[in-house]
Structure formats: C-alpha cells, structure tokens
Amino acid sequence: MYTDITQFAIIGPTASGKSDLAISLAKQINAHILSIDSLSIYKEIDIISAKPLHVEMQEVKHFGIDILNPDDYFSADIFITLYQDLLSTCREENKNLIIVGGTSFYLKSLMQGLSKLPTITNEIALHVENKIKNNLDECYELLNKLDTEYMKNISQNDSYRIEKAMLIYEASGVTPTQWFKDNPAKPTIQNLQVFNIDVDRDILRERIAKRTDKMIEAGAIDEVCYLEQKYTRAPHSMSSIGIVEILEYLDGKVTYEKMIENISTHTAQLAKRQQTFNRTQFKDITHAPLEELEKIIFSKHLLLTQPKPMLDLLL
C-alpha cells in the first residue's frame, strides 16, 4: 500500500546554492532528489554541468543525473517520465521527494502539463539537425507555409523552436498545431510547493566567477577535449555554456583569459534569464534568500521535524 509523501521543489539561478540546500534537507527528511538540470542528465559531462560530488550522491540518492549519452535526443517529456517513475519509487520506499534544479522550464512542464511528443529517433533528430544547420530559412519557410498559426510567434532566427517544430512534423507527419490538438497537455503534478532562492546579482556574479575558476582548475578543458573527440561538436549538448567557450579557446579564437571571462559572462546572463523566468512563470511560489529558505520550508508545515542549523552552503 502506498504511503503519502512530502514533495516540494527548490529552484534558483545557477550558483545560488540550491543543490546544497536540497542535499541538507534530504538528509533531514529522508528524501530522494530529482535533478531538473538540462546538462546534468548527460553522462560524461561532469565538470561543466557542476554535478553533485560522488560522495554527495552516495549520501542522498539522486535521480535525473547521468541518464543519457551526450549525443542522445532529449526533450522535456523525459523528465515527466522520470518524475512519474520516481514518485512510485518514493511511495514504495516511504521516501519524501525534493525536486531541484536550474532548468525551471522542466518544472513548469511538470506542473502545467506537456503534450507528449511523437517518437523521435536519433536518425530523425540528426536528419532535422542537419537540415536546420544547412538551411534554417528554408525550414522556417516550409513550416510557415504548412502551419502559419503555430509559426506566427516564432522568429525566423529562432533555430531552437524551428527545430522543435521540424522534429514534430518529421516524426509525426502532421503539423505542430494538429499534433498538439490531438495530444493536449495534462498536468503531472498538482499543488506542489515551489521555493525560489533570491540572490543579489552582484553576489551571484562573484559566485559564478569563483565557480568558473574551480571548473577550469578541475579539468574542464580536458573534459571538453574528450567529449569532442568522442561525440564531435554536433550534439545539442555540445552547444552548452562552458563547452562552447572552451572550444573557441581550443580553436585559437580567444585567449585563455578571455575564455574564462566569456564563460563567466555567459553564465551570468543565463542566471539573469533564470531569475526572470522563476519570478514570472509560477503562480504560487515562495521567494527568499538562501540563508532563510530552510526555515521557511519547515514553517510551511511540509515537514514534521525541525531544521538543523545549516553549514555554510556557499563554499
């Protein structure tokens, strides 16, 4: 017989301390952690994605990490399946569940629903990817002709969304509008408490700069060399922040110092977009600084125990 469990989500921009907070809480409340991070889901991208340390994942079981190869096709519906499977596991094992990560779009997809996608094989994904790279304008014109309604809010330069529309069309044989009409979205999670870490942007930029330095010192350049040699530059995962800037350095386009500056700058820009998304895309959400959030989570009567004093999460 399934038992009721406590589940909630912690979100925040990159380098805000959300992973450390989730691990601290998980230890106290007997919880598993579901990572909602668009890069940690890939095997072998370890340093660039800033995955939890091996010892941390031994102390608290993490899900949503090291699931796919870097050249595997990925979409948000994979997280929905992961969540559904993990929820059953938590109930069977009498474990609570903490959802944590910086890719809040996946959390929104879980809460508001996401239409299932047609089966997209690696062959279809590679075929569409090549078409987008070779002639983005032609792909846009084709989609706009076939499905003007769906494409009216998509820019001609928005390669990401054009590719998603092309994948649906190539895999299903129908337009995106028709596909979503036949496959309406259904919420996967209801009444989930969401907690967002508020952090000053100047402080966040400082943390990002320190994280970037640690990432390079830990061997990020060697990791990118290995990934390029094994998977080439074609997969979407190889277009991630950190990887792109290191590849530019390896190509001789920028200096070592400029590479580090670019990684920090682009990560800070991502963090700004994450903060905007978190503040505008969720209705019932609690915003608070990291140092206050643990007490707030306990005060919401989500948990039956009292919080222990937290260690310095920002180290």
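The values are calculated or read from the model by the stated rules, or taken from the named source; none is laboratory data. Everything quoted here is computed from the prediction, not taken from an experiment. All Cβ positions, glycine included, derive from the backbone under ideal geometry; neighbour counts span all protein chains shown.
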Check: Looking at (1) in contact with an Asp or Glu (Cβ under 7 Å, 6 or more places away or on another chain); (2) within 20 Å of residue 206 (Cα to Cα); (3) modelled with pLDDT under 95, which is the one condition that is false for residue 307?
Finding: (2)
Check: Can you spot a residue in region 245-254 that is assigned to a helix (DSSP H, G or I), basic (Lys, Arg) and in the same structural domain as residue 88 (by TED's automatic domain parsing)?
Finding: no
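Being touching a His at 6+ places or on another chain (Cβ under 7 Å), of a type in the set (D, E, K, R) and in the same structural domain as residue 23 (by TED's automatic domain parsing), is that true of even one residue in region 91-110? Steps first, answer last, please.
So in region 91-110, the residues touching a His at 6+ places or on another chain (Cβ under 7 Å) come out as 95, 97.
Among the residues that remain, those that are also of a type in the set (D, E, K, R) are: 95.
If we keep only those that are in the same structural domain as residue 23 (by TED's automatic domain parsing) too, we end up with 95.
The answer is yes, given that some residue of region 91-110 is touching a His at 6+ places or on another chain (Cβ under 7 Å), of a type in the set (D, E, K, R) and in the same structural domain as residue 23 (by TED's automatic domain parsing).
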Item checked: Failed criterion for residue 128 (all others in (1) more than 30 Å from residue 26 (Cα to Cα); (2) touching a residue at least 60 places away in the same chain (Cβ under 8 Å); (3) buried (at least 20 other Cβ atoms within 10 Å of the Cβ) hold) -> (2)
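Here is a list: 82, 126. Which entry is of a type in the set (A, V, I, L, M), in the same structural domain as residue 238 (by TED's automatic domain parsing) and under 22 Å from the mean Cα position of the chain (by Cα)?
Details: 126 fails: in the same structural domain as residue 238 (by TED's automatic domain parsing).
Going through 82, 126 in turn, just one is of a type in the set (A, V, I, L, M), in the same structural domain as residue 238 (by TED's automatic domain parsing) and under 22 Å from the mean Cα position of the chain (by Cα): 82.
Hey, can you tell me all the residues within region 51-81 that are without any contact (Cβ under 8 Å) to a residue 40 or more places away in the chain and not hydrophobic (A, V, I, L, M, F, W, C)?
Taking region 51-81 and keeping what is without any contact (Cβ under 8 Å) to a residue 40 or more places away in the chain, we get 51-68, 76, 78, 81.
Across region 51-81, the qualifying residues are 51, 52, 54, 56, 58, 59, 61, 62, 64, 66, 81.
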Item checked: Boolean, residue 244 is farther than 16 Å from residue 220 by Cα, among the hydrophobic types (A, V, I, L, M, F, W, C) and at pLDDT 95 or above -> no
Notebook entry, point to check: If we keep just the residues of region 264-299 that are among the acidic types (Asp, Glu) and surrounded by fewer than 16 Cβ atoms within 10 Å (Cβ to Cβ), which is modelled with the highest pLDDT?
Noted result: 292
Item checked: Single condition residue 156 does not satisfy, out of (1) under 19 Å from residue 76 (Cβ atoms); (2) of a type outside the set (D, E, K, R); (3) outside the structural domain of residue 270 (by TED's automatic domain parsing) -> (1)
Notebook entry, point to check: Any residue at all in region 152-165 that is more than 21 Å from the chain's Cα centre (by Cα), within 25 Å of residue 237 (Cβ to Cβ) and aliphatic (A, V, I, L, M)?
Noted result: yes
Check: Checking residue 94 against (1) in contact (Cβ under 8 Å) with a residue 24 or more places away in the chain; (2) on the phi < 0 side of the Ramachandran plot; (3) touching a Ser or Thr at 6+ places or on another chain (Cβ under 6 Å), which single condition isn't satisfied?
Finding: (2)
